[in-house]
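Before any comments, here is the structure.
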Amino acid sequence: MALADELERIAAFSGASAVLAAEAHPGDRIYVCSFEEADGGRTWLAYDGGSEPVGERLRVRDAVSIIALCELAAETAAGGDLDELRSQLAALRVTENPPGIEEAEEASLELQHVLGAPPTLATPARLDEICSATRKLEVTLGSVVHGSPFAEAMKGAGDVIEALFGEVERSYRIDLR
């Protein structure tokens, strides 16, 4: 069964408003489902293979971590900042043509390619790919422009992950930290 079909089946089965798949460890796929509550809050549950709830703290924690990091990295890199940066680099190439401008433009295109369409499966390899392309862009930008929009991007990652852990902990009534 294709992953997209599997996610649709899980969403229909569980009534989830969002289903994210993570493979924090090879072959250990976990689906983290978000349910909207009447008060606007969210409840999170994790399913193993889509049918059995996952109760093991470590597996839930790993799945939530890898989903949160992949989403944060992709959202940061794919945001309006990347489009704006590419426009600025094109203008800089035309006006000043500083050394390293071609490499910076290449790196921005590579990052855009890596991001592509958002995948439905979050894995450590996916996170590594996003981070590697982002780092390459940072390095090439250092020689061309100052104040890269990505320089501070992941500094808030801990807060984002902790907030998501808090939501999942309230749903499961278990401590993920």
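The values are calculated or read from the model by the stated rules, or taken from the named source; none is laboratory data. It should be emphasised that the depicted structure is a prediction, and the values quoted were computed from it without experimental measurement. Here the Cβ positions follow ideal geometry from the backbone for every residue, glycine too, while neighbour counts run over all protein chains shown. Remember, those area values only see protein heavy atoms, side chains included, never the ligands or the DNA or RNA. Shrake-Rupley method; radii C 1.70, N 1.55, O 1.52, S 1.80 Å.
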So, in region 1-27, how many residues would count as being part of a loop (DSSP other than H, G, I, E, B), among the aliphatic types (A, V, I, L, M) and open to solvent by 60 Å² or more (accessible area, probe 1.4 Å)? 1
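Has region 91-103 got at least one residue that is closer than 23 Å to Arg29 by Cβ and either open to solvent by 20 Å² or more (accessible area, probe 1.4 Å) or modelled with pLDDT under 75 (or both)? Break it down into steps so the answer makes sense when it comes.
If we filter region 91-103 for residues that are closer than 23 Å to Arg29 by Cβ, which is where we start, we get none.
There is no residue in region 91-103 that is closer than 23 Å to Arg29 by Cβ and either open to solvent by 20 Å² or more (accessible area, probe 1.4 Å) or modelled with pLDDT under 75 (or both).
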Taking region 38-67, which residues are part of a helix (DSSP H, G or I), open to solvent by 20 Å² or more (accessible area, probe 1.4 Å) and of a type outside the set (Lys, Arg)? Leu58, Asp62, Ser65
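Mind listing just one residue for me: the one in region 126-155 that is part of a helix (DSSP H, G or I) and modelled with pLDDT under 60 and, of those, surrounded by the most Cβ atoms within 10 Å (Cβ to Cβ)?
Restricting attention to region 126-155, the residues satisfying the condition of being part of a helix (DSSP H, G or I) are 126-142, 153-155.
Applying the additional criterion that residues be modelled with pLDDT under 60 yields 153-155.
Values: Ala153: 19, Met154: 15, Lys155: 8.
Among them, the one singled out is Ala153.
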Would you be able to say whether some residue in region 56-77 is in contact with a Pro (Cβ under 9 Å, 6 or more places away or on another chain) and more than 29 Å from Ser108 (Cβ to Cβ)? no
Give the number of residues within region 19-57 that are at pLDDT below 80 and either within 22 Å of Arg126 (Cα to Cα) or β-branched (Val, Ile, Thr) (or both). 2
Report whether or not Ile161 is in contact with a Ser or Thr (Cβ under 7 Å, 6 or more places away or on another chain), modelled with pLDDT under 75 and not acidic (Asp, Glu). yes
Ala73 meets each of (1) modelled with pLDDT under 85; (2) farther than 17 Å from Lys136 by Cα with one exception, condition (2)
What are the pairs, 6+ residues apart or on separate chains, where a residue within region 1-18 that is in contact (Cβ under 8 Å) with a residue 60 or more places away in the chain has its Cβ under 6 Å from a residue that is of a type in the set (Val, Ile, Thr)? Leu3/Thr120; Leu7/Val19; Leu7/Thr120
